[in-house]
Amino acid sequence: DSGVTQTPKHLITATGQRVTLRCSPRSGDLSVYWYQQSLDQGLQFLIQYYNGEERAKGNILERFSAQQFPDLHSELNLSSLELGDSALYFCASSLGTLSNQPQHFGDGTRLSIL
Amino acid sequence: AQKVTQAQTEISVVEKEDVTLDCVYETRDTTYYLFWYKQPPSGELVFLIRRNSFDEQNEISGRYSWNFQKSTSSFNFTITASQVVDSAVYFCALSDGGSTGANSKLTFGKGITLSVRP
């Protein structure tokens, strides 16, 4: 058990809809990262938050947004969903922002768009 | 830009065989960190090992060992006496935030699917 909690585990919805994925980091970790894992793109970094503030952005679509709340949990919002958004979305957390700190991953949320 | 290449896509071995998973990376930074993660069939990503760019000492931990060579930009992972439970997808990853750690995102390779048959 990594200590990172992601909900829900599975999500099935239709094109055009909006969903919210939730992540609770490990106790004591201030950084939260979101990654997308798809068959064609592999594991790709989306966005990072540190102590409530956006720290780094990757290949995140404009239809996607995220935030980190004062209690350090984070949410990833996906809107105007398309079939290609079907993927496994991982949240990871680390102590801070340094590159040498291992990121510990949650079990992921599997999103299926019908 | 950073890049991680795992040229092997699938490896199948019989239990108790040794297996080496290859990883080659590219980065312009002089300080960087390399990681291996394991993704078993259940889907979660499990952190295995971290190595920094200024420590080329190789390491053995139980049945696992790592071979880091800066000269060839490689960070290979070996499982000795493989077991069925080692069956998983193994990812090599790079973080090159340098001394400031300003860019700590992970860049992953495509992964290697390891199947260990009884």
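What follows draws every value from the coordinates through simple rules; no lab data is involved. Everything numeric here is computed off the predicted structure, so don't read it as measured data. So basically every Cβ, Gly included, is an ideal-geometry build from the backbone, and we count neighbours across all protein chains shown.
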Inset, instruction - Please work out how much length the chain gains when fully extended from B:Q83 to B:F54, using 0.36 nm per residue of separation minus the C-alpha to C-alpha distance, in nm with one decimal. - result: 7.2 nm
Legend entry - Net dipole in debye of chain A [+1 Lys, Arg Cβ; -1 Asp, Glu Cβ; about Cα centre; nearest 20]: 80 debye
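What number does chain B give for Rg over Rh if you use C-alpha atoms and the Kirkwood radius?
Working: Rg = 14.1 Å, Rh = 14.5 Å.
Over the Cα atoms of chain B, Rg/Rh equals 0.97.
Considering only DSSP states other than H, G, I, E and B, which trypsin sites (Lys or Arg not before Pro) in the stretch B:13-88 qualify as loop sites with at most 14 other Cβ atoms within 10 Å?
On the way: sites: B:K16, B:R28, B:K38, B:R50, B:R51, B:R63, B:K70; in loops: B:K16, B:R28, B:R63.
Those satisfying the criteria are B:K16, B:R28, B:R63.
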Inset, instruction - Could you list the residues of the stretch A:68-94 with an amide nitrogen less than 16 Å from a label point located 7 Å from the Cα of A:K57 in the Cα-to-C-beta direction? - result: A:68, A:76-79
Legend entry - Charge dipole magnitude, Cβ of K and R +1, D and E -1 - chain B, Cα centre, debye nearest 20: 200 debye
Inset, instruction - Return, for the Cα atoms of chain A, the radius of gyration and Dmax in Å, separated by a comma. - result: 13.2, 39
Inset, instruction - Determine, for A:H10, A:H104, A:H73, the number of other Cβ atoms within 10 Å of each Cβ, and report the residues in order from fewest to most. - result: A:H10, A:H73, A:H104
Legend entry - Calculated P(r) of the stretch B:30-71 - Cα pairs past 12 Å, %: 65 percent
Inset, instruction - Using only the Cα atoms of the protein assembly as shown, each taken as one equal point scatterer with no solvent, compute I(q) by the Debye sum, divide by I(0), and report log10 of the ratio at q = 0.07, 0.08, 0.09 Å⁻¹. - result: -0.22, -0.29, -0.37
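Between A:S80 and A:L39, what is the FRET efficiency for a Förster distance of 30 Å, r being their Cβ-Cβ separation, to the nearest 0.05? Intermediate values should be presented prior to the final figure.
On the way: r = 22 Å, r/R0 = 0.72.
The value I calculate is 0.90.
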Inset, instruction - Could you tell me which of the pairs B:K16/B:K105; A:K9/B:K16; A:K57/B:K110; A:K9/B:K70 are separated by over 28 angstrom between their Cα atoms in the structure shown? - result: B:K16/B:K105; A:K9/B:K16; A:K9/B:K70
Legend entry - Pair A:S65, B:S115: separation of 7 Å Cα→Cβ label points (nm): 4.5 nm
Inset, instruction - Identify the chymotrypsin sites (Phe, Trp or Tyr not before Pro) of the stretch B:20-118 meeting these criteria: DSSP loop state and at most 14 other C-beta atoms within 10 Å of the C-beta. - result: B:F54
Legend entry - Debye intensity ratio in log₁₀ form over the Cα atoms of the stretch A:37-93, taken at each q of 0.20, 0.25, 0.28 Å⁻¹: -0.78, -1.15, -1.33
Inset, instruction - Quick one: order A:L30, A:L72 by neighbouring beta-carbon count within 10 Å, fewest to most. - result: A:L30, A:L72
Inset, instruction - Using a 10 Å Cβ count of at most 16 others and DSSP loop calls, identify the longest part of chain A lacking such GluC sites (Glu not before Pro). - result: A:1-61
Inset, instruction - Would you calculate the separation in nanometres between label points at B:T5 and B:E17, each defined as 7 Å from the Cα along the Cα-to-beta-carbon direction? - result: 2.5 nm
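Using unit Cβ charges (K, R positive; D, E negative) and no other charged atoms, how large, in debye to the nearest 20, is the dipole of the stretch A:1-62 about its Cα centre? Intermediate values should be presented prior to the final figure.
Working: 6 positive and 6 negative charges, 29 e Å.
Roughly 140 debye, rounded to the nearest 20.
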